[in-house]
Amino acid sequence: MTTVYWTRLDAPVGRLLLTADADGALTSLSVPGQKGGRTVREDWRHDGGPFRAAADQLTAYFAGELKEFRLPLSAHGTEFRQQVWAALDEVPYGATVTYGQIAARIGASRAAVRAVGGAIGANPLLIVRPCHRVIGANGAMTGYAGGVERKVWLLTLEGAPAAGTP
């Protein structure tokens, strides 16, 4: 059995739940009420030690002082999801892309946009892996597991041009 470590961190978007593996790699970051978000299990080990770097970087991010996370990440998913998540990692701070642009970046057909959306929605590392930077083709703030209001808040923090789009 693999040990899962967890801690919570107060943040402007709510009390975050962070999990890590035995090597200290971040495995999930969830916000309150998140669709598909993790919840603490009885067999997990509460320990803030593995999360010092994550806590420091998240605090700096929310203060507007950090634009790129440098944390060990370990999120398991299909090869397709891993490709989509890697494409998310390339979206710079303060920028937005569409689901179609992510599909194009991984060499998927336009018909795969729905599957790309599903992979983005399954991202277990909110904020750190910036799925909030993906918007609808028409500029709409759609499809954020943490809630559209949080998506808009994060994009506003980053100064993204589409942050005010309804």
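Quick notes
- For the chain, a Gaussian network of Cα nodes joined below 10 Å ranks Val152, Val40, Val97 by mean-square fluctuation, and the top entry is Val40.
- For the chain, the spread of Cα positions along the three principal axes, ordered from largest to smallest, is 43, 34, 26 Å.
- Accessible surface of the chain [probe 1.4 Å, protein heavy atoms]: carbon and sulfur percent: 50
- Dipole of region 13-166 computed with +1 at Lys/Arg Cβ and -1 at Asp/Glu Cβ about the Cα centre; of Ala87, Ile135, Ser30, farthest Cα towards the positive end is Ile135.
- Region 1-95: equivalent-ellipsoid semi-axes (sqrt of 5 x gyration tensor eigenvalues, Cα, Å): 21, 18, 13
- Charge dipole magnitude, Cβ of K and R +1, D and E -1 - the chain, Cα centre, debye nearest 20: 440
- Difference of contour (0.36 nm per residue) and Cα-Cα distance, Trp153 to Ala53: 33.7 nm
- Annotation: the antiparallel percentage among DSSP beta bridges lying fully within region 1-152 is about 65.
- Point-to-point label distance, Asp21-Lys35, nm (Cα→Cβ direction, 7 Å offset): 2.8
- Taken over the alpha carbons of region 109-166 as equal point scatterers, the Debye sum produces base-10 log I(q)/I(0) values at 0.24 Å⁻¹ of -0.98.
- Whole-number accessible area per residue in Å² for the chain, which is evaluated in the context of all protein chains at 1.4 Å: 50
- Loop-located GluC sites (Glu not before Pro) in region 53-135 (DSSP state not H, G, I, E or B) with no more than 12 neighbouring Cβ atoms inside 10 Å: Glu65, Glu68, Glu90.
- Residues within the reach of a label modelled at Ala95 (point 7 angstrom out along Cα to beta-carbon, backbone nitrogen below 17 Å), restricted to region 104-118, are 104-107.
The values are calculated or read from the model by the stated rules, or taken from the named source; none is laboratory data. Source: prediction; values computed, not measured. For neighbour counting, all protein chains shown are included, and Cβ atoms are generated from backbone atoms with ideal geometry for every residue, glycine included. Please note that ligands, DNA and RNA were not included when accessible areas were found on the heavy atoms of the full protein model with its side chains. Shrake-Rupley method; radii C 1.70, N 1.55, O 1.52, S 1.80 Å.
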